[in-house]
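Accompanying notes for the structure given below.
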Amino acid sequence: MQFQGQILKMTSFDAQPIQYYLNLSGDLIHMNELLGKELTIKHTGFQCVNCGKNKPIYRMGFCKSCFFESPYASDTIIRPELSTAHLGVGERDLEVEKQIQLQPHTVYLAYTGDVKVGVTRSSQIPTRWIDQGATFALPIARTENRYEAGMIEVALKDHLPDKTNWRKMLQDDFEGEIDLADFQQKIKEYFPEDFQKFYSEGENVSKFDYPYEKPEKVTSFTLDKKPEFTGKLVGIKGQYLSFEGGDFINVRGHEGYVIELDVKN
């Protein structure tokens, strides 16, 4: 079987285990069905997720000019505390920023090899947690907009990491239970006083099961340095494809790359 197209992040469905679909130019390939098969990935070009041009990808699937111009790549995407749409102030495109920022957001704790704090649009639950490779996740605050969630995250990240350590996430083989509710109680005192009303207690902990087993070693590669790769697919976690021997590729990190994918039967 052969497929080709522009890589977008994998679509996932919360099941036992998580079901993954690779998105190549809108065609969804069920990756769970390819576990145990030999895949060849060949990088053939680029297609910016914004302008669609064959220009080198700079970050987040955008070519360099789009990354610095598109409202979908603005600073508030990475740093929600910088949001200003609730004030009627735009950064790049106020109407687009209103759509992104002026909707319910959730501040959460997640275990991804470490316990971390994060922010996501409430409509992105549980997708955001699965994309990060979280084993457990717990909402701890529900806000009306992105700015409020960002301000809570800023206060809490002085006490907890806010980034996923991808290597720890992939090397983790934790089989017990992480008491995220206990972590929540311990950090409650660090909630900003003006945002205490958004604190949410008694939420359910979500647990995720991935089609994945920890390898002996973890080595990440990119299509920039290895434009053609062949290996047996043995697992999937977060947005990473795991190949026999410990080779990993971050699918989301290759959004906008155009590839040919060959599956050996």
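Nothing in this text is a laboratory measurement; each read-out follows from the coordinates by a stated rule. Since this is a predicted model, take the numbers as computed values, not measurements. We place every Cβ from the backbone using ideal geometry, glycine too, and count neighbours over all the protein chains shown.
Can you tell me which of Thr76, Thr135, Thr106 moves the most in a GNM of the chain? Springs connect C-alpha atoms under 10 Å apart. So, out of Thr76, Thr135, Thr106, the one fluctuating most is Thr76.
Rounded to the nearest 20, the size of the Cβ-charge dipole of the range 103-207 about its Cα centre is 360 debye, with Lys and Arg at +1 and Asp and Glu at -1.
Taking a point 7 Å out from the Cα of Ala181 in the direction of its Cβ, the residues of the range 114-153 whose backbone N falls within less than 17 Å of it are 136-141. Using a cutoff of 8 angstrom between alpha carbon atoms and counting only pairs six or more residues apart, the relative contact order for the range 103-207 works out to 36 percent. Cα convex hull, the range 1-79: 122 Å³ per residue, rounded to a whole number. By the compact-protein rule of thumb, 2.2 N^0.38 Å, the alpha-carbon radius of gyration of the chain corresponds to a ratio of 1.05. The slack between Ser123 and Asp162, meaning 0.36 nm per residue of separation minus the straight C-alpha distance, is 12.0 nm. Over the range 124-227, one equal point on each Cα, no solvent: what is log10 I(q)/I(0) by the Debye formula at q = 0.17, 0.21 Å⁻¹? The Debye formula, applied to the Cα set alone, gives -0.93, -1.25.
Annotation: for a label point projected 7 angstrom from Cα along Cα→Cβ of Arg79, residues of the range 95-137 with backbone N closer than 17 Å are 119.
Computed over neighbours whose Cβ is under 15 Å from that of Gly202, the net charge equals -2, Lys and Arg +1, Asp and Glu -1. The convex hull drawn around the Cα atoms of the range 178-259, when projected onto a plane and averaged over every direction, covers 8.9 nm². Seen against the Cα atoms of the chain and their longest principal axis, helix 146-156 is set at about 80 degrees. Just to be sure I understand: with springs between alpha-carbon atoms less than 10 Å apart, which residue in Val117, Val251, Val96 has the highest mean-square fluctuation in the Gaussian network model of the chain? Between Val117, Val251, Val96, it is Val96 that shows the largest mean-square fluctuation. Which one of Lys64, Lys186, Lys232 has the biggest mean-square fluctuation once the chain is modelled by GNM with Cα springs under 10 Å? Looking only at Lys64, Lys186, Lys232, the largest GNM fluctuation is found for Lys186. Compared with the alpha-carbon gap, the fully stretched path from Lys264 to Thr40 is longer by 79.8 nm at 0.36 nm per residue.
Highest-first packing order for the peptide set 107-116, 40-49, 25-34 is 107-116, 40-49, 25-34, based on the mean count of other beta carbon atoms within 10 Å.
From the cross-link list Lys168/Lys207; Lys116/Lys237; Lys116/Lys207; Lys116/Lys186; Lys98/Lys163, which pairs have alpha carbons spaced over 21 Å apart?
Correct reply: Lys98/Lys163.
Centre-to-centre, using Cα atoms only, the range 112-136 and the range 201-259 are separated by 16 Å. Once the chain from Thr222 to Phe174 is taken as fully extended at 0.36 nm per residue, the excess over their C-alpha distance is 14.6 nm. Simple point charges give the picture: +1 on the Cβ of Lys and Arg, -1 on the Cβ of Asp and Glu, and for the chain a dipole about the Cα centre of about 780 debye.
For Glu33 and Asn204, what is the calculated FRET efficiency with R₀ set at 22 Å and r taken between the beta-carbons, to the nearest 0.05?
Here the calculated transfer efficiency is 0.10.
Candidates Ile178, Ser200, Tyr108 compared by Cα position along the dipole of the range 103-207: farthest toward the positive end lies Tyr108, with charges placed on Cβ.
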